[in-house]
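Below is one structure, written out as structure tokens; the observations come after it.
The values are calculated or read from the model by the stated rules, or taken from the named source; none is laboratory data. Everything numeric here is computed off the predicted structure, so don't read it as measured data. With ideal geometry, Cβ positions are generated from the backbone for all residues, glycine too; neighbour counts draw on all protein chains shown.
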Amino acid sequence: MTDFLLELRSEEIPARMQAGARAELEKLFRAQLSSAGLETGELTIWSTPRRLALIARDLPEATAAVSEELKGPRSSAPPQALEGFLRKTGLRQDQLEDRDGVYFAVIDKPGRATIEVLAEAVPAIVRGFAWPKSMRWGKESASSESLRWVRPLSGIVAIFGEELVPCEIGGIASGFATRGHRFHCPGEITIGSAADYAEKLRACHVIVDHEERQAIIRDGAAKAAADAGLVLVADEGLVIENAGLTEWPVPLLGRFDEAFLEVPPEVIQLTARVNQKYFVVNGADGKLANGFVCTANIDAKDGGAEIVAGNRKVLAARLSDARFFWEQDRKTKLEDHAKKLNRITFHEKLGTVADKVERVAKLARWLVEEGIVTDSPLPFRGGAGGGAFRPDAARTDRPHPNPSPEGEGLSLADQAELAARLAKADLVTEMVGEFPELQGLMGGYYARAEGLPDAVADAIRDHYKPVGQGDDVPTAPATVAVALADKLDTLAAFFAINEKPTGSRDPFALRRAALGIISIIQANELRLSVSMPLAAALATLVGKSSASADRFSFEVGVQQLEAAGVQFSEETVDRLRDVALQNALDRASPIYDQIIQPSIVSIILFLADRLKVQQREAGVRHDLIDAVFALGGEDDLVRLLARVKALQAFMATEDGANLLAGYKRAANILKQAGQDVSSNSRHAELVSASTAGPWTLKQVQGDERLGAADAALFEALDSAEPAASAAVAEERFTDAMAALASLRAPIDAFFDGVMVNDPDEAVRAYRLGLLSRFTGAVHGVADFSKIEG
Amino acid sequence: MTEGAEKKVLSFQDMILTLHAYWSARGCAILQPYDMRVGAGTFHPATTLRSLGPEPWNVAYVQPSRRPTDGRYGENPNRLQHYYQYQVILKPSPADLQEQYLGSLAAIGIDPLLHDIRFVEDDWESPTLGAWGLGWEVWCDGMEVTQFTYFQQMGGFDCKPVAGELTYGLERLAMYIQNVDNVYDLKFSDAVGDVSAVSYGDVFLENERQFSKWNFEVADTDTLFAGFKAAEDECKRAIEAGVPLAAYDQAIEASHLFNLLQARGVISVQERANYMARVRDLAKGSCKAWIDSQSERWTQNYPGWTL
């Protein structure tokens, strides 16, 4: 057993690509060896900016010899058959074995030397390597076929045991020589085998193990900070990035002018991290201190004094830019910054950011006024806010931007509207222009700096949340209103112009918006019919305000929708005008049917999809969500999930599983009889009402053609149906499941005891009807046809 | 440089002369700046056009570069609307390009065992030239001092072979070497005898003030728009007439006028993309015409070479 070492040396590989490159190297190496019939055990894979290394331990010297046996024709077969077999095997007749009148060919394939396999594998790996971006270089690049690599490939070390694995790729031949640290040991060093590789490099100022470099940076940075009485702000992303930029990492602590600390700490941390790849440090008080840790790639002759001085200067230039922005931005009130939002296009078909702000402000207020978002810690649970949306709800003559000094006294609706009006203002500030990732956060700072109430500043700061999975979900009422309104508007707006995500394409991050909506509703247990705020958002979109902000300008709305590709008949325009004149919108209005309803339907479907993805991680079965969702009309996500969870608990019981089996059997029979499973059929009516229908329980019991099982199921349905529907109506979903469970024994007994397709047509009709009524009862709780299993 | 040896810190002009000597000794033709207003050294036809085709090409030159929107009326210690780039083109890119480059840093006084030199991923793309390449920004103690690029495409055409491009930011590098915080304090030349030293500010501060004002406030936008249109038309005429070098001059002119229009704030976001596409078409058209005018010779002298 022998070890193999491969080193692919290259000019500096981007730090962000190194982890992927290690995985790619492992994958390709295993594939190459396995196709040659070699097992690979544990692989060690390392990376530095200048090399990828692989050590495969305990490879055999050769692949195993294989003996292949092929059965040929009978010896009595015509000569053509034998000739054909000889051609196929490449053997002579005297090399075949005659076993009981049948020819066999035995072909021995000798093992191949592993070193030969490796000599072919290495070029194949290099040529097949997938980099996120690759390039050509040098003389060879005169041809389009020249080798591509992430940056110029400069050397290959390939040693099996202590023997060179000879190979050549793109003019680069394998050898024993590599190079040490670019500055400390620029000359060639000779590697003997996998055993001395890492240590020889270490002696030449290269720590080839990326994890070791990461540990040096992680611990060294923490120690450099601690030695100065400071606490490093841990940042694993920076640890990995700096390890990908260095072969000999040396963390160094520097200080910057304390005066810069007046700039918000997030700004300092961001510019230090993103632009300079520095760690920041906290003081003993837990607040950001005037220090940074940079990671040098050398043991500098002066201990790093010059390096620290240089880096300090660069950071100071960055921070003075940031401080300049911080000072400039605060000279203008957010309200005045917001006026410039009409210069920023939100989307060419959807107008400017100012237009969006207007819509979000109205919607945020509406969410509060409808009682969907309330002041109480846990919101009003009585009903699902469903009042008609009044597009004029947010008039400019309501209390708004200029809050009185006692701004804290603003009502929640006023807070939400004000925050929404100012939430996007920081987009035109210098700071956010420079650091787009600080949007929201800076708005929050600027709001507080100009004395706006905390609730408003917090809502501005956090209204983009949650940004991704794991991000905080807003719970402060004003923030919830703005965050929810912003995302609902985004979804409504893009769906209205038919910009829906497709496949991996989601340029407007609508999936994230949908997930945000779901998370906010769940975290705050908001009881609402999602269709309503969507209708509200769409109505505002249709009736986008013109110059007079409180007037529902329908012409503008129509023009916008027409520009967006929505076709209007003259009649529709008239009806839209009516709606506009009414200044109101309810479910009965035509605009609702024609524009709003179709968009709502597709948005609700989209939300359901996102809900499934989100709930998968919580272990909720997607088919059960479908089963509840397929009933239609459910757009209260809190209620929907409660029902799904009860259903999931039920399906885990024996009753649940058996009921599902009974349901499937019933559905099959009904299907064969040409009946729709999901709705009560004519047959069901025959047996639906125990008093009014042709069949009553008494008749069933008295009919000699029918048996006990016929009556028992009838009776069970009579009690289960009202119990289940009452439980559903009162959102007692576990009780609804229990009601269904009571059907399990009767349905089992029914299938055991009777034949549905009785020769007597009346009996058959009765039994089909009964089954239809059974599936109907089940559908009152969930559409079991969507359930898998 | 050797450890401990007191070496005189290079003035701005001596730094340039040192780089000239360094690259001259490595076979580069030392060219002079192109005599037109450009945004970067890459616009010099010695880079744009000569990076196309199979012929070896090794040159170095200083290129005064103008970025009207970066003007700060001489009040910002780091930003200028007119500055210098030192440009080196080596085609095909030599195997030891990084080592040659590091040698040039040593030549101007940067000791890599005292200062932290790093190659940090930075892929270069010029939308107006239809060009891109992969490479790094080179950091010295955290400051970007050079853009290092392997050209992959120019004018929309594959570079065959690939040229290596080094673009040094001369003012930044000089501020670093001379250890000054304000660009105007840079020592441009040394005092000799009773001739006193000249600072960067002596030479350029007034230029920055006046040109910032002209770029942002004075330049007549109608004239600029008309100039853009005229350059565009002339570029197309020159392409038609088979004189791509002249055509390319007009593409450069259009590009700079577009930059000035931007500084005047008269080009909206939507129009911006449109103008950039027009400049790109001119640059690509000029590159294409250049290739057409040369390809017969190229294929003759370099059998097997294809576009």
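Residues that are touching a Gly at 6+ places or on another chain (Cβ under 8 Å) and more than 13 Å from A:Y278 (Cβ to Cβ) were ranked within the range A:231-259; the one that is farthest from the other protein chains (Cβ to nearest Cβ) is A:V231. Here the condition is being under 30 Å from A:E69 (Cα atoms), out of contact with any Gly (no Cβ under 9 Å at 6 or more places or on another chain) and either away from every other protein chain (no Cβ under 14 Å) or surrounded by fewer than 21 Cβ atoms within 10 Å (Cβ to Cβ) (or both); of A:E168, A:E163, A:E116, A:E145, it holds for A:E116 alone. Take B:G109 and decide whether it is touching a residue at least 12 places away in the same chain (Cβ under 8 Å), crowded, with 20+ Cβ neighbours inside 10 Å and away from every other protein chain (no Cβ under 11 Å). Answer is no for this residue. Only residues that are surrounded by fewer than 22 Cβ atoms within 10 Å (Cβ to Cβ) and in a helix (DSSP H, G or I) were counted in the range B:47-72, giving 2. Each residue in the range A:496-526 was checked for being part of a helix (DSSP H, G or I) and modelled with pLDDT of 90 or more, and 14 pass. Where residues in the range B:73-100 are away from chain A (no Cβ under 11 Å) and not in a strand (DSSP E or B), which of them is surrounded by the fewest Cβ atoms within 10 Å (Cβ to Cβ)? Selected residue: B:E75. The strands (runs of 3 or more DSSP E) found wholly in the range B:137-234 and carrying at least 1 residues that are within 14 Å of another protein chain (Cβ to nearest Cβ) occupy B:143-154, B:164-169. Among the conditions (1) within 14 Å of another protein chain (Cβ to nearest Cβ); (2) crowded, with 21+ Cβ neighbours inside 10 Å, the only one that A:S154 does not satisfy is (2). Reported count of residues in the range A:232-245, each being out of contact with any Pro (no Cβ under 7 Å at 6 or more places or on another chain) and either among the small types (G, A, S) or buried (at least 17 other Cβ atoms within 10 Å of the Cβ) (or both), is 9. Yes or no: A:A121 more than 14 Å from chain B (Cβ to nearest Cβ) and buried (at least 17 other Cβ atoms within 10 Å of the Cβ)? In short, yes.
Note on the range A:246-277: residues that are buried (at least 20 other Cβ atoms within 10 Å of the Cβ) and either over 17 Å from A:F435 (Cβ atoms) or without any contact (Cβ under 8 Å) to a residue 40 or more places away in the chain (or both) total 11.
For the range A:287-301, a tally of residues being buried (at least 18 other Cβ atoms within 10 Å of the Cβ) and either more than 7 Å from chain B (Cβ to nearest Cβ) or aliphatic (A, V, I, L, M) (or both) returns 10. Please go through the range A:454-477 and pick out each residue that is more than 9 Å from A:A419 (Cβ to Cβ), in contact (Cβ under 8 Å) with a residue 12 or more places away in the chain and part of a loop (DSSP other than H, G, I, E, B). Matches in the range A:454-477: A:Y464, A:K465, A:P466, A:V467, A:G468, A:Q469, A:V473, A:P474, A:T475, A:A476.
When the criteria are applied in full, B:N215 meets the requirement of being of a type in the set (S, T, N, Q), out of contact with any strand residue (DSSP E or B) (no Cβ under 6 Å at 6 or more places or on another chain), within 30 Å of B:C287 (Cα to Cα) and touching a residue at least 12 places away in the same chain (Cβ under 8 Å). Selection within the range B:216-257: residues that are among the polar types (S, T, N, Q), modelled with pLDDT of 95 or more and in contact with a helix residue (DSSP H, G or I) (Cβ under 8 Å, 6 or more places away or on another chain). The member of this set that is nearest to B:G41 (Cα to Cα) is B:S255.
Within the range B:125-136, take every residue that is free of Cβ contacts under 8 Å to residues at least 40 places away in the same chain and surrounded by 20 or more Cβ atoms within 10 Å (Cβ to Cβ) and give me the one that is nearest to the other protein chains (Cβ to nearest Cβ). Ranking the qualifying residues of the range B:125-136, first place goes to B:L134. Just to be sure, is A:V102 surrounded by fewer than 16 Cβ atoms within 10 Å (Cβ to Cβ) and more than 14 Å from chain B (Cβ to nearest Cβ)? Yes: the conditions hold for A:V102. Scanning the range A:1-52 for residues that are assigned to a helix (DSSP H, G or I), among the basic types (K, R) and either within 14 Å of another protein chain (Cβ to nearest Cβ) or in contact with a Cys (Cβ under 7 Å, 6 or more places away or on another chain) (or both) turns up just one, A:R16. On the stretch given as the range A:628-648, residues that are outside any helix (DSSP H, G or I) and touching a residue at least 40 places away in the same chain (Cβ under 8 Å) total 4. Please specify each residue of the range A:311-337 satisfying the condition of being surrounded by 23 or more Cβ atoms within 10 Å (Cβ to Cβ) and within 9 Å of chain B (Cβ to nearest Cβ). The answer is A:N311, A:L315.
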